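Note sheet for the following structure.
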């Protein structure tokens, strides 16, 4: 594997019409929680491990939503890599409170709940994933909720 390629798992955690997001505190922008997949781990296991480390809670990767590949600007001094593969899962986190952002154990990251309706107004990275995520939340996720409610 090349040094400039990162393979990650990311979580879509929704509570009370809000999406749990991470905020980079050094250069403020939003991104999905999760982290790197270690050698020998499945993407789902890596995500559950990362979320337990970051949130201090047991979470369950429920549904694979897709893999998002993204190229950053090469040789960008603000990035440690230039290419990512993100395996994205819908995650169940029953012990999270949708009215209180969890405390991050990392200095460079904070958590925030962002209303699904306000997602397009935040600086979400990568921008192309933001577009896909909004479309999914407006169509597939809404349809899944109706199915559960009926």
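The values are calculated or read from the model by the stated rules, or taken from the named source; none is laboratory data. This one's a predicted model, so the numbers in the text were calculated from it and none came from an experiment. Reconstructed Cβ throughout: ideal geometry from the backbone, glycine too, with neighbour counts over all protein chains shown.
Report whether or not residue 146 is surrounded by fewer than 11 Cβ atoms within 10 Å (Cβ to Cβ) and either modelled with pLDDT under 95 or not in a helix (DSSP H, G or I) (or both). Spelling it out, residue 146 is indeed surrounded by fewer than 11 Cβ atoms within 10 Å (Cβ to Cβ) and either modelled with pLDDT under 95 or not in a helix (DSSP H, G or I) (or both).
Summed over the stretch 52-74, the residues that are in contact with a strand residue (DSSP E or B) (Cβ under 6 Å, 6 or more places away or on another chain), outside any loop (DSSP other than H, G, I, E, B) and farther than 15 Å from residue 86 by Cα give a count of 2. Scanning the stretch 117-129 for residues that are touching a strand residue (DSSP E or B) at 6+ places or on another chain (Cβ under 7 Å) and either modelled with pLDDT of 90 or more or more than 13 Å from residue 21 (Cβ to Cβ) (or both) yields 119, 122, 123, 124, 126, 128. Every condition in (1) in a loop (DSSP other than H, G, I, E, B); (2) surrounded by 11 or more Cβ atoms within 10 Å (Cβ to Cβ); (3) more than 15 Å from the chain's Cα centre (by Cα) holds for residue 140 except the one numbered (1). One residue alone among 28, 94 is part of a loop (DSSP other than H, G, I, E, B), out of contact with any helix residue (DSSP H, G or I) (no Cβ under 9 Å at 6 or more places or on another chain), at pLDDT 85 or above and closer than 18 Å to residue 129 by Cβ, and that residue is 28. Of the residues that sit in the stretch 103-120 and are touching a helix residue (DSSP H, G or I) at 6+ places or on another chain (Cβ under 7 Å) and under 26 Å from residue 138 (Cβ atoms), which one is surrounded by the fewest Cβ atoms within 10 Å (Cβ to Cβ)? Only one residue tops the list, namely 120. Here residue 71 meets each of (1) at pLDDT below 90; (2) within 25 Å of residue 137 (Cβ to Cβ); (3) surrounded by 16 or more Cβ atoms within 10 Å (Cβ to Cβ); (4) out of contact with any helix residue (DSSP H, G or I) (no Cβ under 7 Å at 6 or more places or on another chain) with one exception, condition (3). When residue 65 is tested against (1) touching a helix residue (DSSP H, G or I) at 6+ places or on another chain (Cβ under 7 Å); (2) under 27 Å from residue 4 (Cβ atoms); (3) modelled with pLDDT of 95 or more, only condition (3) is not met.
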